[in-house]
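Asker: First the structure, which I've put down as structure tokens, then a few questions once you've had a look.
Nothing in this text is a laboratory measurement; each read-out follows from the coordinates by a stated rule. Keep in mind that what you see is a predicted model, and the values were worked out from it rather than measured. Don't worry about glycine lacking a Cβ; one is built from the backbone with ideal geometry, like all the others, and counts go over all protein chains shown.
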Amino acid sequence: MTDRPFDSIPLRTIAGDPLSLADFAGKVILIVNVASKCGLTPQYAALQALYEAKKDQGLVILGVPANDFAGQEPGTDEEIQTFCATTYDVDFPLLSKAVVTGPSKHPLYAALTDAQPVKTGDADGFRAKLRSFGSEPTEDPEVLWNFEKFLIGKEGKVIGRFVPTTAPDDPALISAIDAALAA
């Protein structure tokens, strides 16, 4: 499936059911690696608001829990699902916890970072902030931190990648989503 390169990558929902990006053919997909104990965790609320505002227009948000950064997602899939539902009323799809960086990263993230190796936004500024907290940040093409966002258009190709500090209601992200929905 070279036309839709991500469709053949096997995925699992947080409940353990098989899933494929082919299930969302013709939709715009925002894939976000998420964590429940991160300074950016409140983005869940804005992601849910974005999903509610645009799902009827064809936007799907896929949350991918990952424990790659400072152990900020230590929970099991069940604990993560409960946290998301009870704390942020999340009802957009969540995938099973996955590794999103390094040599053991999930094939979805290997393909995403290969397709779009550079992020939009102030990655260097965020790296400096991470260093000031004693964390050693990753370098491109790796995912920088929790809540990095990949935008996949209706044709199944990556059309944007945004640094973790890009809020879900950031005008640049909303503009990219709206353009993809209109395409």
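Per-residue answers, yes or no, for (1) more than 19 Å from residue 40 (Cβ to Cβ); (2) in contact (Cβ under 8 Å) with a residue 24 or more places away in the chain; (3) among the polar types (S, T, N, Q):
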{"position": "76", "(1), (2), (3)": "yes, no, yes"}
{"position": "88", "(1), (2), (3)": "no, yes, no"}
{"position": "96", "(1), (2), (3)": "yes, yes, yes"}
{"position": "100", "(1), (2), (3)": "no, yes, no"}
{"position": "103", "(1), (2), (3)": "yes, no, no"}
{"position": "117", "(1), (2), (3)": "yes, yes, no"}
{"position": "122", "(1), (2), (3)": "no, yes, no"}
{"position": "129", "(1), (2), (3)": "no, no, no"}
{"position": "132", "(1), (2), (3)": "no, no, yes"}
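Asker: If a residue has to be crowded, with 18+ Cβ neighbours inside 10 Å and either out of contact with any strand residue (DSSP E or B) (no Cβ under 7 Å at 6 or more places or on another chain) or on the phi < 0 side of the Ramachandran plot (or both) to count, how many in the range 112-127 make the cut? Walk me through how you get there before you give the answer.
Answerer: Residues of the range 112-127 that are crowded, with 18+ Cβ neighbours inside 10 Å, as a first pass: 112-113, 116, 119, 121, 123, 126-127.
Still in the running and either out of contact with any strand residue (DSSP E or B) (no Cβ under 7 Å at 6 or more places or on another chain) or on the phi < 0 side of the Ramachandran plot (or both): 112-113, 116, 119, 123, 126-127.
Of the residues in that region, 7 qualify.
Asker: Considering each residue of the range 16-29, count those that are exposed (fewer than 12 other Cβ atoms within 10 Å of the Cβ) and part of a loop (DSSP other than H, G, I, E, B), and give that number.
Answerer: Here the count works out to 3.
Asker: So residue 70 fits all but one of (1) more than 13 Å from residue 29 (Cβ to Cβ); (2) aliphatic (A, V, I, L, M); (3) crowded, with 19+ Cβ neighbours inside 10 Å; (4) out of contact with any helix residue (DSSP H, G or I) (no Cβ under 8 Å at 6 or more places or on another chain); what number is the exception?
Answerer: All conditions are met except number (3).
Asker: Continuing with the same structure: Answer yes if at least one residue in the range 172-183 is surrounded by 22 or more Cβ atoms within 10 Å (Cβ to Cβ) and part of a loop (DSSP other than H, G, I, E, B), and no otherwise.
Answerer: no
Asker: Here's another thing I want to ask about it. State whether the residues of the range 171-178 include one that is within 12 Å of the chain's Cα centre (by Cα) and either within 21 Å of residue 43 (Cβ to Cβ) or aliphatic (A, V, I, L, M) (or both).
Answerer: no
Asker: Also, I was wondering about something else. Filtering the range 149-171 down to residues that are part of a strand (DSSP E or B), without any contact (Cβ under 8 Å) to a residue 60 or more places away in the chain and not β-branched (Val, Ile, Thr), which residue is surrounded by the most Cβ atoms within 10 Å (Cβ to Cβ)?
Answerer: 161
Asker: Here's a follow-up. Mind telling me which of the residues 163, 158 ends up being among the β-branched types (Val, Ile, Thr) and out of contact with any Lys or Arg (no Cβ under 8 Å at 6 or more places or on another chain)?
Answerer: 158
Asker: Considering only residues that are of a type in the set (D, E, K, R) and free of Cβ contacts under 8 Å to residues at least 12 places away in the same chain, which ones fall in the range 48-74? It would help to see each step written out before you state the result.
Answerer: Step one: of the range 48-74, the residues of a type in the set (D, E, K, R) are 52, 54-56, 68, 73.
Within the range 48-74, 52, 56 qualify.
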